[in-house]
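The values are calculated or read from the model by the stated rules, or taken from the named source; none is laboratory data. Nothing here was measured: the structure is a model prediction, and the numbers come from that model. All Cβ positions, glycine included, derive from the backbone under ideal geometry; neighbour counts span all protein chains shown.
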Amino acid sequence: MSSQSAPGLQSATLRAHPLGATLGAILAAALRAADPAAAVQRAVRRTGDRLAIGAWQGVLTAYERVVVIAIGKAAVPMASALVAILDDVVSDGLIVTKVGHAGAVPVDGRLQLHEAAHPQPDASSIAAAEAVFARLATTTARDLVLVALSGGGSALVSAPEPGITLGDLRALTAALLGCGASIDEINTLRRHLDRIKGGGLLRAAAPATVVSIVLSDVLGDPLDVIASGPTVADPTTFADAWRVIGRHGLLPDLPASIAAHLRAGLAGARAETPKPGDPLFAAAAAVVIANNQSAALGAWHAACERGLHACVVSYATPPGACAVPPALQAFGAPLTGEARECGRRLGQAVRLIAGDPALPRPFCAILGGETTVTLRGNGRGGRNQELALAAAAELDGIAGALMITLATDGGDGPTDAAGAVVDGTTRARAALAGLDVTAALAANDSYPFFAALDDLLRPGPTLTNVNDLVICVVT
C-alpha cells in the first residue's frame, strides 16, 4: 500500500469531501501498520546463528532443517519475510492462502504454494491440509518448524474427522455464519470436527520444535481461536461444542455425521483435543505480531500527523490523544455484536458529538472490532456494509458528519467490497435513486445499496487481516 490513498480506498462521498484524500491516506496507514511482512521483520530477530521470536530463543545450528509452514490470507508476505531473514537455513515448506491472495510477492522456490477456498472449505482446502500433514510426517526432534498463521486459516486447511463429509462441514459452517455465531463459537466446533485444528498441526509435527508467528484476526488475540488453534492447546471440550449447537438452535438441522461425532465425543468414545499442560506443547511457542489495535493505532498516528483531533475509542488512549467524547465512551471496548445494532448506536453517538460546539474540529474517532450479521433476508452484503447502512439512518441530515467502515483484509462478506462510506446525505441521495435504507436493512442488501451510490470501498486483497475499523469524522 503506497503512502497515499489507493484508488480502492476512495468513494463518491470521500471524493467530494474536503478531507477525502486525507481520510483515504489514514485508511492506507492503518493497513500499513498491520503489514504482515513488516510485522514479521520486527518480531523475528536473528544474530548470526541465534534466533529470537518473541520470548522464544534458539540456536539455528541445533537444527538439521528449518521448515516454513504459512497458512492464511497473509501467508505469502509472512512466509516471504521469514525466508528473507533465514534464507541460508530454510530447507523447504509450503504456503496455503486464499485464491487471489498470492499477490505480487514472489514465492521462494523451496515453498510449495497452495491456493484454497474461503470462507467455506472445499476440496482445495482438504488437499492443502493433506499437503501439510504429508510434509510434517517426516519431521524429527532436530527440526525447527516455523508456522506463520493469519486469518482465514480455519477454512483454508480442512481435515474433517473420519465419517464427517465436506458437505456436512460446509452446511454447519453456513448455518453458524447465518445465525450470528461468534468466531469463538464457530472455532470451538471446528476444533472438535477437524484433525488439523485444536493442536492437530502441532501433533503432526511432533517431536519437532514448533514456533508459531501469528497475525491475529480475533479480538483479544486468543491463540486457540485464531485459525482454530492448530498449534496450541484447546481449552474447550466436546461439551462446549455441543452447547454451541444448542445455544443457536441448530440441532434439528445438524448433519447426522456431525451429530454422531459430537455425541461420541460426549460419551468419551472420541479422543479430546490436547489440553493445556499436555507434554506435547513442551517444545512449542507462539507469539502474536500484529492485531486490530495495531491498525487502529496506525490510523490514529496518521490522523494526528494530518492535523485531525483524533482519539482511539476501542483501546487504551494513546499518550497525546484527544479525550473520548462522553457519547462515545460506551464504545470503550472493541465492537462486537449485531452489525446493524452497532451501526445504529454509533450513528446516534456521532449525531450527538456533531452537535457539541466544544468538540475540537476536524475531529476523528477510531474504533476497532468485528461485528456479526444474523441473516434475515436474501440480499448481498457484509458486516461492515450493514453497519454503515444502519448508521446512515441515524446520520440523515447531519452536516459535517461522516463514517467509514473497513474490513482490513479487503473482503467484507461474500463481496468484492471492504466496507462503505456514509454521511448526512446518504439517505437522501439513496431516495433519489429509488433506494430505501430500511428496506435494504430488512433484506441484508447493503452491497447494491452502496454500489448504486458509488460509496463502496474496494481496495482488493490487502494481504493482511486484523478485523475491522470504523472511522467517524466530524468537521
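Can you confirm whether Ala129 is part of a helix (DSSP H, G or I) and at pLDDT 95 or above? In short, yes. The set of residues in region 371-427 that are among the basic types (Lys, Arg) and either within 15 Å of Gly460 (Cα to Cα) or over 15 Å from the mean Cα position of the chain (by Cα) (or both) comprises Arg376, Arg380, Arg427.
Do we have Gly400 as farther than 17 Å from Arg345 by Cβ, at pLDDT below 95 and touching a helix residue (DSSP H, G or I) at 6+ places or on another chain (Cβ under 7 Å) here? Taking the combined requirement at face value, the residue does not satisfy it.
Please specify each residue of region 256-302 satisfying the condition of being assigned to a helix (DSSP H, G or I) and either closer than 29 Å to Val211 by Cα or of a type in the set (Asp, Glu) (or both). Once the filter is applied, which keeps residues that are assigned to a helix (DSSP H, G or I) and either closer than 29 Å to Val211 by Cα or of a type in the set (Asp, Glu) (or both), region 256-302 yields Pro279, Leu280, Phe281, Ala282, Ala283, Asn292, Gln293, Ser294, Ala295, Ala296, Leu297, Gly298. Which residue is surrounded by the most Cβ atoms within 10 Å (Cβ to Cβ), if the candidates are limited to region 359-406 and must be closer than 19 Å to Pro119 by Cβ and touching a Lys or Arg at 6+ places or on another chain (Cβ under 8 Å)? Here the residue is Leu387.
Residues of region 295-324 being under 27 Å from Leu82 (Cβ atoms) and either assigned by TED's automatic domain parsing to the domain that holds Asp221 or in contact with a Ser or Thr (Cβ under 9 Å, 6 or more places away or on another chain) (or both), which ones? Those that are under 27 Å from Leu82 (Cβ atoms) and either assigned by TED's automatic domain parsing to the domain that holds Asp221 or in contact with a Ser or Thr (Cβ under 9 Å, 6 or more places away or on another chain) (or both): Ala295, Ala296. Of all residues assigned to region 172-179, none qualifies as being in the same structural domain as Ile213 (by TED's automatic domain parsing) and among the β-branched types (Val, Ile, Thr).
Residue-by-condition table, conditions (1) over 27 Å from Gly355 (Cα atoms); (2) acidic (Asp, Glu):
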{"position": "Ala391", "(1), (2)": "no, no"}
{"position": "Gly400", "(1), (2)": "no, no"}
{"position": "Asp423", "(1), (2)": "no, yes"}
{"position": "Ala433", "(1), (2)": "yes, no"}
{"position": "Pro448", "(1), (2)": "yes, no"}
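Each row is one residue, and each column tells you yes or no for (1) surrounded by 24 or more Cβ atoms within 10 Å (Cβ to Cβ); (2) in contact (Cβ under 8 Å) with a residue 24 or more places away in the chain; (3) under 21 Å from the mean Cα position of the chain (by Cα).
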{"site": "Ala16", "(1), (2), (3)": "no, no, no"}
{"site": "Ala30", "(1), (2), (3)": "yes, yes, yes"}
{"site": "Arg65", "(1), (2), (3)": "no, yes, no"}
{"site": "Lys73", "(1), (2), (3)": "yes, yes, yes"}
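Residues in region 328-377 that are outside any helix (DSSP H, G or I) and of a type in the set (Lys, Arg) were compared, and the one that is farthest from Gly424 (Cα to Cα) is Arg376.
Residue pairs whose Cβ atoms lie under 7 Å apart, separated by 6 or more positions or on different chains, with the first residue in region 358-379 and on the phi > 0 side of the Ramachandran plot and the second in a strand (DSSP E or B) and surrounded by 14 or more Cβ atoms within 10 Å (Cβ to Cβ), are Gly369/Leu335; Gly369/Asp468. Only a single item in (1) buried (at least 16 other Cβ atoms within 10 Å of the Cβ); (2) at pLDDT 95 or above is not met by His101, and it is number (2). Residue count for region 281-296, restricted to those that are surrounded by fewer than 20 Cβ atoms within 10 Å (Cβ to Cβ) and under 17 Å from the mean Cα position of the chain (by Cα): 1. Six or more apart or on different chains, Cβ atoms under 9 Å: show the pairs whose first residue is in region 48-61 and basic (Lys, Arg) and whose second is not in a strand (DSSP E or B). Partner pairs satisfying both residue conditions: Arg50/Leu60. Within region 306-327, the presence of a residue that is under 25 Å from the mean Cα position of the chain (by Cα), assigned to a helix (DSSP H, G or I) and touching a residue at least 12 places away in the same chain (Cβ under 8 Å) is excluded.
Residues Leu172, Leu156, Leu111, Leu136: which one is touching a residue at least 60 places away in the same chain (Cβ under 8 Å) and over 25 Å from Gly220 (Cβ atoms)? Spell out how you get there, then give the answer.
Numbers: Leu172 fails: over 25 Å from Gly220 (Cβ atoms); Leu156 fails: over 25 Å from Gly220 (Cβ atoms); Leu111 fails: touching a residue at least 60 places away in the same chain (Cβ under 8 Å).
Result of the check over Leu172, Leu156, Leu111, Leu136: Leu136.
Of all residues in region 173-217, those being surrounded by fewer than 24 Cβ atoms within 10 Å (Cβ to Cβ) and assigned to a loop (DSSP other than H, G, I, E, B) number 8. Among the candidates Arg345, Arg361, the residue that is touching a helix residue (DSSP H, G or I) at 6+ places or on another chain (Cβ under 9 Å), of a type outside the set (A, V, I, L, M) and assigned by TED's automatic domain parsing to the domain that holds Val373 is uniquely Arg345. Just one of the listed residues (Leu402, Leu387, Leu406) is within 24 Å of Leu297 (Cα to Cα) and part of a helix (DSSP H, G or I), and it is Leu387.
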